[in-house]
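Here's the structure, in structure tokens; my notes come after.
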Amino acid sequence: MTQESVGVGPTQPLGEAPAPSPRRERKAALLVAPEGLIARHRGSGVMARTAVPAFRTTYGFISHNFPAIIMIGILASVLGVLAQGGPTLMGNQMRNALVLGAIYALIAIGYTMVYGIIELINFAHGDVFTLSGFYAFLIADHFGINKLAASSGFGLLVALVVIFAVSMLLAGITGVLIERVAYRRLRDAPRLAPLITAIGVSFLIEGFMLAFFGPDNVTTHQASWINGNAFTLGAVAVRWTDLFVLGMALVLMFALGAFVTRTRLGKAMRSTAQDRQAALICGININRTIATTFFIGSALAAAGAIIYSINYGSLKWNLGFHVGIIAFTAAVLGGIGNIVGAGIGGFLIGMIYVFGGSLAGGAWSESLIFAILVLILTFRPVGLFGVDVASRS
Amino acid sequence: MHRTAAFLSLASIAALGAVSACGTSTSGGSSSSGGGGLSGCHGTITVATDLPLTGGDSTDGPFPQLGAQLAVTQANSNHVLGGCTLNYVSKDDSSVAKNGHDPAQGAANITSLAADQSVVGVVGPFNSSVAEAEIPVASQNHLALISPSNTNPCLTTNQAVPASTCGITTSSLYPGPHTYFRVIGTDLTQGEILAYIAAKQLNMTKAYVFDDQEAYGAGLATIFKQHFASDGGTVVGSASLPGSTTDFSTQIANAQSSGAQVIFFGGTSGNGCGLVRRDEGKAGLTLPFLGGDGCQDQKFITDSNSGSNTSEAEGAEATSAPDATKLSSAQAFYSAYSTAYSSKSAPYNDGKNEPYTPFGYDAMNILIQAIKSVLLSNGGQPPSSTMTFRDDVVQALHSTNYSGAVGQTSFDSNGDTTNPFFTLYKVSSGNWTGVNAYQVDSSGNVSVKS
């Protein structure tokens, strides 16, 4: 392994004070909030000394029981919907929530993987999602794939494999390119710098899509093979699209899980996430590992986008911003950096969006999501499943 | 005098080359008089349009803009203002950030137009939310605004609707003289007609009402709800969702559960009108769908049909601007439009592709007539002070009685047209097809306009 191939790491002396290990820095940032508040109160006089314990107890209680509070809230809203419209409405909304949640989960994983490994909120990720949806749309439209899919059952299978494989490959390459061009050079710069380039890349991709695909919804020709209901549960119709979305999302998430835990590259990713410098010392090619992370995250976003297009039948140039920011909340809810957490967080956000919206009126759906974001960051910055920082992968 | 005559003949030669100004005299009413006592008029008078031309509104705004521009071209080639010429400025109130009409951009446009001392009147804006931002600026600068398409009633009066449903009060809109006019009926008329259609024509008693949270959409939904209730119906549920919403299945499930018989959408297809219809189909619902003029476009059909049912748009109904394509008064305008813009790419080469095209044309002609009457009453010359000129134009607009492409237009004291009517359209074989025109008489009775 040459000096160049391992990147800029070795040129920096390890353990030098101004450049602490990234992992320790994050741990501090995420866990220190209550302590920091206490320190400030202590310095501020006698009054504060009596006020602090009450504050600490309340804070501690909410923080400690945050997962339970969220779960109780979701359960209450599900029961509320049951009271509102009976089992049919509850069933319909549960179906809607699972479908929406599956899409958010696939995008949230991309956010969380990138954050886990380089501590960057990749704001371009939502737009990679939309862009890869357009890749799939163009591939399906221009290479006779739609005809192939309509020809026979076997043709359909081949068409699906081709569309997923090629779009995911293209999206992966896009992700790697973005990392190479916009983030790699800034890896050791102050955190604000790559954040700004991320926003820049996001606008760049949106502008590109606006110019190429126009301002309106682009109809992606929802495939006719997937029309109709698979089965009905009482009065709740479960459509083939619902099963496809959910099934595909679960398969991809388990495949990713196996990859991260079972393969050498997955192990490399986990170790890089835990401690980049130490991983480097162990001979892990950091650049390649980070590139792989971007590749996989973007490929999953592509899968999410194909699933989205099949479910909704249309794409829009600025869709990624909207969907992306909700998926980002899902990633934070699950504990940013925690892949399993992001998957579960996606489904929880789907439930909050749908059941909260059903009960409180659709105008509140997004307010609820972002209220949750604020609450998590205040009371439980590590998210529902991110408590054990060391085992985060 | 020699110089003027030479100028005139030069100008008419140029005009012949540019546009063969056919049909002006029939649709332009008194505009054919060729300047009357204004041959001694000197100078250039600027009129402008402020309409959304790019982004999500690129299939709406350019049509009234081209209609208004045609009116100016015709007036100049017919020397309607005699020796004075009209200079035309087109402003775009779209922004990249909003991907379409942007109130902030609109206000900035009016500010810059008002600062231009040669500007005496503006045709626009297209959207009510933009009008809310523009009217105070225009009113403060005594600048006449004539909208071809604003249907939010709150822009001219807070009395006919509960003030609480207005996002803005007229007192705050008009810090200066009342300078705003419109050549189209308001949502008061439209919502009343829509409720009449739902309750009396479709015979539905339970409605689920969507709106897109904008001044136009939320306003129309409120008025629909009021009249639907007074027509004997019940609103079983409602949802107010932002324009960025891409999935309406939660609310469709609620509508289904509430036993709704008709789905109403107050808003624009850019804000999800077609997507609601799409999700209705996805949930297997086959309820009648009713919307306002914001839904009546190609985007609605494309979006509706993008889901599992590729003919989901069929049967959906929406009221919209009066279908002027069938009015005998508008025929001359449409043929002049096609001649003038034959070199434009589709759909812009045919004025019939957008309902507001003749309204843009009439609005500009009304403005030009008002300028003309000011010039005439001022001894054939523009008033020397810009503010006086603008005030006089506003005065002249108040006594408008103009026979144009969409019929006989005059304004009441609020600036609203006395010629309000809407046409009901239905999607059939993938196209919006006009069904009937509905009008509301002064005592509030809805009837089919024959």
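Each value in this text was obtained by applying a stated rule to the coordinates, not by laboratory testing. None of these values were measured; they are calculated from a predicted model. Positions of Cβ are backbone-derived with ideal geometry, glycine not excepted, and every protein chain shown enters the neighbour counts.
B:Tyr88 sits among other residues whose Cβ lies under 13 Å from its own Cβ, and their net charge, with Lys and Arg +1 and Asp and Glu -1, is -1. Equivalent ellipsoid of segment A:284-393: semi-axes from √(5λ) of the C-alpha gyration tensor, largest first, are 25, 21, 10 Å.
Overall, the anisotropy analysis places segment A:65-391 in the oblate class: the square-rooted eigenvalues a ≥ b ≥ c of its C-alpha gyration tensor yield a/c not less than 1.5, with a/b not exceeding b/c. Once the Cα atoms are used to define both axes, helix B:386-398 deviates from the longest principal axis of chain B by about 60 degrees. With axes computed from alpha carbons, what is the tilt in degrees of helix B:331-340 against the longest principal axis of chain B, rounded to the nearest 10 within 0 to 90? Approximately 70 degrees, to the nearest ten. Under the simplified labelling scheme, the A:Ala363-A:Leu233 pair shows an inter-label distance of 3.2 nm, with each label point 7 Å from Cα along Cα→Cβ.
Normalised by the number of residues in segment B:285-341, the mean separation of alpha-carbon contacts (under 8 Å, six or more apart) gives a relative contact order of 36 percent. Potential lengthening of the chain between A:Leu377 and A:Ala54 amounts to 114.2 nm, from the contour at 0.36 nm per residue minus the alpha-carbon distance.
Our summary gives segment B:61-126 a relative contact order of 22 percent, counting only alpha carbon pairs under 8 angstrom and 6 or more residues apart.
Within the shell of other residues whose beta carbon sits under 14 angstrom from the beta carbon of A:Glu206, the net charge comes to +1, with Lys and Arg scored +1 and Asp and Glu -1.
Size of the protein assembly as shown: Rg and Dmax of its alpha carbons, in Å, are 30.9, 96.
Relative contact order for segment A:65-391: 35 percent, from Cα pairs under 8 Å spaced at least 6 residues apart, divided by residue count.
Here the sum of -39500 (n - 2.57) over DSSP H runs of 4 or more residues, divided by the residues of the protein assembly as shown, equals -17000 deg cm²/dmol at 222 nm, to the nearest 500. The angle separating the long axis of helix B:2-18 from the principal Cα axis of greatest extent in chain B is about 30 degrees.
For A:Lys316, the aspartates and glutamates whose Cα falls under 15 Å of its own Cα, not counting residues fewer than eight places away in the same chain, are A:Asp127, A:Glu206, A:Asp216, B:Asp57, B:Asp247, B:Asp303.
Near the amide H of A:Lys316, within less than 5 Å, lie the amide hydrogens of A:Val218, all on another chain or at least 5 residues away, with H placed in the peptide plane. Hey, which of these cross-link pairs are over 30 Å Cα-Cα: B:Lys98/B:Lys352; B:Lys91/B:Lys282; B:Lys225/B:Lys282? Result: B:Lys91/B:Lys282 exceed 30 Å. Straight-distance candidates among the lysines for linking to A:Lys267, with alpha-carbon spacing under 24 Å and chain neighbours fewer than 8 residues away dropped: A:Lys27. Taking other residues whose beta carbon is less than 13 angstrom from the beta carbon of B:Gly360, and scoring Lys, Arg as +1 and Asp, Glu as -1, yields -3.
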